[in-house]
1. Which strands (runs of 3 or more DSSP E) sit wholly inside segment 16-98 and have at least 2 residues that are over 25 Å from Ala116 (Cβ atoms), within 21 Å of the chain's Cα centre (by Cα) and modelled with pLDDT of 95 or more?
2. Looking at (1) out of contact with any strand residue (DSSP E or B) (no Cβ under 9 Å at 6 or more places or on another chain); (2) hydroxyl-bearing (Ser, Thr, Tyr); (3) surrounded by fewer than 16 Cβ atoms within 10 Å (Cβ to Cβ), which one does Thr223 not meet, given that it meets all the others?
3. May I ask you to list pairs of residues, at least six apart or on different chains, whose Cβ atoms are under 6 Å apart, with the first in segment 123-145 being touching a residue at least 12 places away in the same chain (Cβ under 8 Å) and farther than 20 Å from Ala179 by Cα and the second being acidic (Asp, Glu) and not in a strand (DSSP E or B)?
4. Among what's in segment 117-134 and is touching a helix residue (DSSP H, G or I) at 6+ places or on another chain (Cβ under 7 Å) and assigned to a loop (DSSP other than H, G, I, E, B), pick the residue that is farthest from Pro191 (Cα to Cα).
5. For segment 129-144, which residues satisfy the criterion of being out of contact with any Asp or Glu (no Cβ under 8 Å at 6 or more places or on another chain) and at pLDDT below 95?
6. Can you name the residue in segment 42-54 that is surrounded by fewer than 23 Cβ atoms within 10 Å (Cβ to Cβ) and out of contact with any Gly (no Cβ under 7 Å at 6 or more places or on another chain) and, of all such residues, is farthest from Met272 (Cα to Cα)?
7. Count, please, the residues in segment 240-261 that happen to be part of a helix (DSSP H, G or I) and out of contact with any helix residue (DSSP H, G or I) (no Cβ under 6 Å at 6 or more places or on another chain).
8. Only one of (1) in the same structural domain as Val218 (by TED's automatic domain parsing); (2) in contact with a helix residue (DSSP H, G or I) (Cβ under 9 Å, 6 or more places away or on another chain) fails for Thr82. Which number is that?
Amino acid sequence: MTKLKIEAASPLLMLAAALGLAAFPTSARAADLKPYRVGFNAWIGSIAFFVARDKGFFKEEGLDMQGKSFSSPGDGLPPLLTGDLDAVLSTADSVLTVLDKAPGQLRVVYLTDTSAGADAILAKKDIGGIKAMKGRKVAATLGQCNQLLLEKALEKAGLTDADIQLVNMNPDDAGSAFAAGKIDVAVTWEPWITKVSGEKKGHVIFSSKETPNLILDVLAVSTKTAKNKSAETRAFLKALNRGYEFVQTHTDEAAALAAKALEQKPEEVKAMLPKVMLYSPKQNLEVMAGPAPAASAQVAKFFKEKKVNETLVDVSHLYDPSFLK
């Protein structure tokens, strides 16, 4: 368009054009957005991610965040290794199982939360405590963190695996079987804990609240992502932290947004929130400096003893807080 034509243009057209440009600031123009592919699963601890996505925080930070949903937290890690994803919202224990065969190829750059009651042992009403599990049928996922949670509970009561009838079930199947009255005890997670407790079909006799940082939810990246997409990773974490702040200040709206992703009612999401400890940027730095590596070293030892992993995974360089600084 020539200068003469610009000057002759209708004031209304020029106003419309100006408004159009104002609606799409430079940082959010589609052509300027950098792609960042993220795997996730439906978990209450990822509420900041769901908020950041639905509120447009990733776009505002210059990212075309392309999310891919998985049914399990560990399912996104193989595509992360092959370069089909840039980051994955997963669990620290899932990362450890992958590192057994791919040492040094993953980094944890963010802690979304630690389970603080969102993983628990549900028991029938006539089972008053941990000692009363003796001889009962107990469902847990063998070789995973919820079996470690079970072992912590048994240890507290002076029992071992030999004192119970241990049945191998994933957490969702265990929760479903317990709700249907098919098993006496289930090591499960949300939303089954809230569901069963709300329907008064059982009660919690031990939970992750008693084992801080044992069950950690994290953002993992590959070494390739860390090297080649450093700026995008920092932008992603900035948006994620904005999501965290929104959850703290607008809890009702955050719960409503997360409810869609979790396929729950907003009030159910609010009931689950106290059972996870969401980590702020400051807490991320504090926990990655000591508690997280210590907890993961314990899990790595458990995985080696239970022959889940062939090697004792080295966690000394697993946690990388540099993207938060």
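The values are calculated or read from the model by the stated rules, or taken from the named source; none is laboratory data. All of these numbers come straight from a predicted model, not from anything done at the bench. Virtual Cβ from ideal backbone geometry, glycine too; neighbours counted across all protein chains shown.
1. 34-40, 63-69
2. If we test Thr223 against (1) out of contact with any strand residue (DSSP E or B) (no Cβ under 9 Å at 6 or more places or on another chain); (2) hydroxyl-bearing (Ser, Thr, Tyr); (3) surrounded by fewer than 16 Cβ atoms within 10 Å (Cβ to Cβ), just (1) comes out false.
3. Qualifying pairs under 6 Å: Lys134/Asp163; Cys145/Asp93.
4. Top of the filtered list is Lys134.
5. Thr141, Leu142, Gly143, listed by residue number.
6. Asp54
7. 7
8. So the condition that Thr82 fails would be (2).
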